[in-house]
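The values are calculated or read from the model by the stated rules, or taken from the named source; none is laboratory data. Everything quoted here is computed from the prediction, not taken from an experiment. Cβ: placed from backbone, ideal geometry, glycine included. Neighbour counts: every protein chain shown. Accessible surface areas use protein heavy atoms only, side chains included; no ligands, DNA or RNA. Shrake-Rupley method; radii C 1.70, N 1.55, O 1.52, S 1.80 Å.
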Amino acid sequence: MEDLILAILVGLALAAVRLKDLLAATAVLGAYSLMMAVLWAWMNALDVSFTEAAVGAGISTVLMLAAIVRVGRRESSRDRAPLFRTSLGTFRSRIKDEGGRAAHARGARFSAFAACALVAVGLLYGIPDMPPVGSHDAPALVHPDVAQRYLHKSPNREDGTLGEVGPANIITSVLGDYRGYDTMGETVVIFTAALCVVLLLRPAPRRRSKDGEGA
Amino acid sequence: MNHVYIAATVTVLFGVLVVLRRVILGPTVHDRILAVNVIGTKTIVLLALVGFLYGRPGFFLDIALAYALINFIATIAVLRYMERRAALRSRGAANLAEEDDQ
Amino acid sequence: MSHHTPSPILRYVARPTVPFIQLYALYVLGHGEDGPGGGFQGGVIFAASIVLLALTEGWPYGRGQLKRGFTDALMPFGCLVYSGVGALCLLGGGAFLGYEALTTSLDPHVRNHMHHYGLMAIEAGVMITVTSSMLTLFFEMSRPEPGDPWELDEEDEAGGQHG
Amino acid sequence: MTVLEVIAAVLVGIGALVMLAGAAGVLRFPDVYTRLHAAGKGDTLGQALMLVGLMLVAGLTLVTVKLVFIVLLVLLLNPTATHALARSAWVVGIKPWVRKDAQTELPPEPEGGSWKT
């Protein structure tokens, strides 16, 4: 089952990368989030699945659309100078390109590719050290002050014994209580992001002489 | 009953795989949005099925409900964007017009 | 029929759906202690409902009902709620965000309840910040251009269907 | 398996097949407008059948209430999204598919858009 979902995910990811039309790519990314949420639900990570549903499929699609309104819908062909594959069309466009534009784009793409490859190799190198999914002797699970404590001490029991925090959903206890500082930081980060957008994109307020708010 | 759930899940996932071809092939953006919308509906059913399979459907249905709402909003957002583009083009707004040509 | 305005079917479906979505967002916020959900998800869903309203009803609606200054004020207000609860705990003699300090009672059940209320308060703070930030992001990024038909102004309204 | 469960299993099975048929339609039909038929009807009916089947399993609980909400919501929102899609396709100027030998006249172009195939 996971294999099927993963195959769908890979297909969607490839489609999103290949599409030149950013609008279509946004739609595809929405579908990607949908399938990702199914995968999370399949792995019983309900809170993550919920967040993926609400943020990945909903708001981020809407925000990407809003961004596309600003930057235009097509990826320009100059940014897509092929790395390995050369077709006649791109060859022609490279001849037409005066100066070293295409070469420059090629260089940029190559360095981007190299950076991605480097990170990918690093991540792949790290994978063998990780415990298998759901392993019972994973370090985070065995450590008495991490998962063991959250799982056994935080919720209130049904027989009336009080836990350290209370809620049945341990994730809420971790986010709000054990890791309360981190969550506060996250909230401030969201606030900061919105603040930056306001500072960058909002036009300077006009004088009141015209018709009130400058839209 | 679990066999039924698993069979239905695999069937619906296979349906997603079929629709996926439409997402990748296109040809128009509307085809892709349509296919994504279909995948969204299938996702709702998938979540419900997985919930019943795991024997605690309540929580999974919360997510499915959120999906039903969110999927609609995302679809409408894309469509409104496209209608807006078309309207802008018909009014001859120069700043956006030329980008839409293939 | 002018196609600059959204289809009337869409508007009549979206309008009654929006309060339902908002109610559901509040449910998600309140339900976060027992099941999946919480301030972040609830806030995002709430913001999505208002985005839907703006998409179907046009900008003056989204703007007229929702003053820019209001969302601006809500963004830091949510952070303030969060850190304010923490500061209250400090005043009560406990640790920052140590919710037990909010009560002077020594009864463990009361203290446990205070935990509950403290968690609810900070989740509400998160929700406020997330909702207003998402709305600000969306409204600022897709502000109508001059001459943009998305601004459903009077002439469009009169030419299309009644609102 | 009780009788109720058998009925539920049948409903879920039919629903899954209907959804699969809808998916096949989305893949095989010639243009957006025809594909919308497959998607809008097949999916809406399929999910309703499957979730009603699941309701039978759940019995009279909160789960059923949530399922009813989801079914009603999708029954409301899915056709609306389909309608919006068709309308948007029309406004953007996507040409409806007609059989080559058909005598049908194409409807007039929408204002502002030119036919695009």
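Computed quantities for the displayed model
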| quantity | calculated |
| --- | --- |
| Residue that is least open to solvent (accessible area, probe 1.4 Å), among those in segment C:115-163 that are assigned to a helix (DSSP H, G or I), modelled with pLDDT of 55 or more and among the acidic types (D, E) | C:E140 |
| Count of residues meeting criterion [over 17 Å from A:T187 (Cβ atoms) and either without any contact (Cβ under 8 Å) to a residue 24 or more places away in the chain or under 14 Å from the mean Cα position of the chain (by Cα) (or both)] in segment C:31-44 | 4 |
| Filter result (assigned to a helix (DSSP H, G or I), surrounded by fewer than 24 Cβ atoms within 10 Å (Cβ to Cβ) and among the aliphatic types (A, V, I, L, M)) within segment D:1-20 | D:V3, D:L4, D:V6, D:I7, D:A8, D:A9, D:V10, D:L11, D:I14, D:L17, D:V18, D:L20 |
| Exclusive hit being under 13 Å from B:T75 (Cα atoms) and part of a helix (DSSP H, G or I), set A:L29, A:L39, A:L14 | A:L29 |
| Criterion (touching a Phe, Trp or Tyr at 6+ places or on another chain (Cβ under 7 Å) and either more than 10 Å from chain B (Cβ to nearest Cβ) or more than 22 Å from C:V13 (Cα to Cα) (or both)) met by exactly one of D:T34, D:T64, D:T2 | D:T34 |
| Some residue of segment C:96-111 being crowded, with 21+ Cβ neighbours inside 10 Å and modelled with pLDDT of 80 or more | no |
| Elements of type helices (runs of 4 or more DSSP H) in segment A:69-147, at least 2 residues being modelled with pLDDT under 70 | A:88-96, A:101-126 |
| Extreme residue, most open to solvent (accessible area, probe 1.4 Å), among residues of segment B:51-78 that are more than 13 Å from A:A53 (Cβ to Cβ) and among the aliphatic types (A, V, I, L, M) | B:L53 |
| Count - residues of segment D:21-34 that are assigned to a helix (DSSP H, G or I) and in contact (Cβ under 8 Å) with a residue 60 or more places away in the chain | 3 |
| Sole residue being over 15 Å from the mean Cα position of the chain (by Cα) and within 7 Å of chain D (Cβ to nearest Cβ), chosen from B:V10, B:V4 | B:V4 |
| Filter result (at pLDDT 80 or above and among the basic types (K, R)) within segment B:41-99 | B:K42, B:R56, B:R80 |
| Yes/no for D:K95 being farther than 23 Å from B:T9 by Cα and out of contact with any Asp or Glu (no Cβ under 9 Å at 6 or more places or on another chain) | no |
| Selection within segment D:83-114 - at pLDDT 65 or above, open to solvent by 50 Å² or more (accessible area, probe 1.4 Å) and out of contact with any Ser or Thr (no Cβ under 6 Å at 6 or more places or on another chain) | D:H83, D:W90, D:W97, D:R99, D:K100, D:D101 |
| Criterion violated by D:T61 - all others in (1) loosely packed, with under 15 Cβ neighbours inside 10 Å; (2) under 15 Å from the mean Cα position of the chain (by Cα); (3) not aliphatic (A, V, I, L, M) satisfied | (2) |
| Looking only at segment D:21-31, and only at residues there that are surrounded by 20 or more Cβ atoms within 10 Å (Cβ to Cβ) and either at pLDDT below 85 or not hydrophobic (A, V, I, L, M, F, W, C) (or both), the one that is farthest from D:V74 (Cα to Cα) | D:G25 |
| Condition met for A:A204 (farther than 27 Å from C:L29 by Cβ, open to solvent by less than 80 Å² (accessible area, probe 1.4 Å) and more than 8 Å from every other protein chain (Cβ to nearest Cβ)) | no |
| Residue in segment A:181-188 that is open to solvent by 40 Å² or more (accessible area, probe 1.4 Å) and modelled with pLDDT under 85 present | no |
| Pair list, Cβ < 8 Å and 6+ apart or interchain, from segment A:159-170 residues that are open to solvent by 20 Å² or more (accessible area, probe 1.4 Å) to residues that are of a type in the set (F, W, Y) | A:I170/A:Y150 |
| Subset tally (residues that are more than 9 Å from chain D (Cβ to nearest Cβ) and either in a helix (DSSP H, G or I) or in contact (Cβ under 8 Å) with a residue 40 or more places away in the chain (or both)) for segment B:13-38 | 6 |
| Output for segment C:35-54, where each listed residue is small (G, A, S) and more than 7 Å from chain A (Cβ to nearest Cβ) | C:G39, C:G42, C:G43, C:S49, C:A54 |
| Subset of segment C:63-83 [open to solvent by 50 Å² or more (accessible area, probe 1.4 Å), more than 8 Å from chain A (Cβ to nearest Cβ) and closer than 17 Å to A:T183 by Cβ] | C:F77, C:L80 |
| Filter result for C:A101 (assigned to a helix (DSSP H, G or I), out of contact with any Cys (no Cβ under 8 Å at 6 or more places or on another chain) and among the aliphatic types (A, V, I, L, M)) | no |
| Condition met for C:G86 (open to solvent by 40 Å² or more (accessible area, probe 1.4 Å) and assigned to a helix (DSSP H, G or I)) | no |
